[in-house]
Each structure stands twice: as structure tokens, then as C-alpha cells.
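The values are calculated or read from the model by the stated rules, or taken from the named source; none is laboratory data. Treat the numbers as computed from the prediction; the structure is a model and nothing was measured. Positions of Cβ are backbone-derived with ideal geometry, glycine not excepted, and every protein chain shown enters the neighbour counts. Side chains are part of the model used for accessible areas, which takes the heavy atoms of the whole protein and leaves out ligands, DNA and RNA. Shrake-Rupley method; radii C 1.70, N 1.55, O 1.52, S 1.80 Å.
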Amino acid sequence: MNKIILKGRLTASPELKQTPNGIAVTKFSVAVNRRFDREKVDFINCEAWRNTAEFISKYFSKGKE
């Protein structure tokens, strides 16, 4: 399992969904400005499961850092 820390903005509010087994999952995209070229932006697709997915969908929204 790899871990990465990103600082950016959500491109849309995360939407909480459930698998057929009842496990919470959310997918979202983070816009991250490049360090040396502020005009370029990278969009990173992310996915969270279980308690992390519930936390993200409850407290995060579009445009927040």
C-alpha cells in the first residue's frame, strides 16, 4: 500500500456510494497546481473506502483545499 499527500482543490463534491455488500466508497478528483509553473494544473483521480469515504463525503466539498 502506497501513501501520498496532495494539496489541491476538489473538482466536484464527492458522492458517497455503497457496494452491493454495503461498503462505502467515494471517487473524486483533485486539481493540483505545479510547484514551479503555476499556470499548469494536474488532475489526480482518487478513491476512498469505508470510514475514509464517509469522512470525505461528509466534510469535503468542491473548491475546498
Expressed per residue, the solvent accessible area of the chain in Å² (1.4 Å probe) is about 87
Among Val41, Ser13, Phe28, the residue whose Cα sits farthest towards the positive end of the charge dipole of the chain, when +1 is placed on the Cβ of each Lys and Arg and -1 on the Cβ of each Asp and Glu, is Val41
The extension gain from Glu47 to Thr11, computed as 0.36 nm times the residue separation minus the Cα-Cα distance, is 11.6 nm
Toy charge model, Lys and Arg Cβ at +1, Asp and Glu Cβ at -1: the chain dipole around Cα centroid in debye, rounded to 20, equals 160
Checking Glu47, Glu15, Glu39 against a Gaussian network model of the chain (alpha-carbon springs below 10 Å), the top fluctuating residue turns out to be Glu39
Excluding near-sequence neighbours (fewer than 8 apart on one chain), the chain holds lysine pairs with C-alpha atoms under 14 Å apart numbering 6
Kirkwood-based Rg/Rh on the Cα set of the chain evaluates to 1.03
Helix 50-59 sits off the longest principal axis of the Cα atoms of the chain, rounded to the nearest 10 on a 0 to 90 degree scale, by 60
Dividing the helical contributions, -39500 (n - 2.57) per DSSP H run of n ≥ 4, by the residues of the chain yields a 222 nm value, nearest 500 deg cm²/dmol, of -4500 deg cm²/dmol
